[in-house]
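The values are calculated or read from the model by the stated rules, or taken from the named source; none is laboratory data. All of these numbers come straight from a predicted model, not from anything done at the bench. Positions of Cβ are generated from backbone atoms using ideal geometry, with glycine treated the same way; all protein chains shown enter the neighbour counts.
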C-alpha cells in the first residue's frame, strides 16, 4: 500500500471523528452553546436544551456541517474503493467529495462566526468561541489535506 494513500485515509478518518465531535458537543461558544444544544450549569449538574429550531443561523450551520460529515463518509468510501481496485476515477472522485466537505464546513463555520459576532456586537458583549468551534475548523483543514493527498495518490497510482 502506498504511503500517501495511507496518509490520505488516516487524515480523512481523523477529520470525520473530529467533525462528529465538533457537531455533537455544546462547546461552540464558551457559554455552553452548541449547534444543537445549549448547556448551563457546572460539570456535575448541567441542564441542556435543544436549540436547533431557535434561529435560522443554527439551522443553516447544522445542515452545512452535516453535509460536510456525510461528504467525508462518501469520500472515504470512494477512496477505499480506489485503493482496492486502483481506478483513477474513484480516487479523483474522493478528492472532489472531500472538497465538497470542506465547502460545507467552511461555509457553516463562517455562518456561525458572522451570526454570533453580529449578535454579540448588538448586545454589547464579546464572543468567545469554544473547543467545538475550533475542532470544526480543524476538521475542514484536515479535509483539505485529505483532498490533496487523495488527488496526488490517484494521479500517481494510475501512471
Restricted to the stretch 129-159 and to residues being surrounded by fewer than 18 Cβ atoms within 10 Å (Cβ to Cβ) and more than 23 Å from residue 24 (Cβ to Cβ), the residue modelled with the lowest pLDDT is 159
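Has the stretch 79-86 got at least one residue that is at pLDDT 80 or above and closer than 16 Å to residue 144 by Cβ?
No.
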Residue 126: passes all of (1) part of a helix (DSSP H, G or I); (2) at pLDDT below 85 but (1)
(message) Any residue at all in the stretch 40-57 that's part of a helix (DSSP H, G or I) and at pLDDT below 75?
(response) yes
Only unsatisfied item for residue 67, checking (1) at pLDDT below 80; (2) over 14 Å from residue 137 (Cα atoms), is (1)
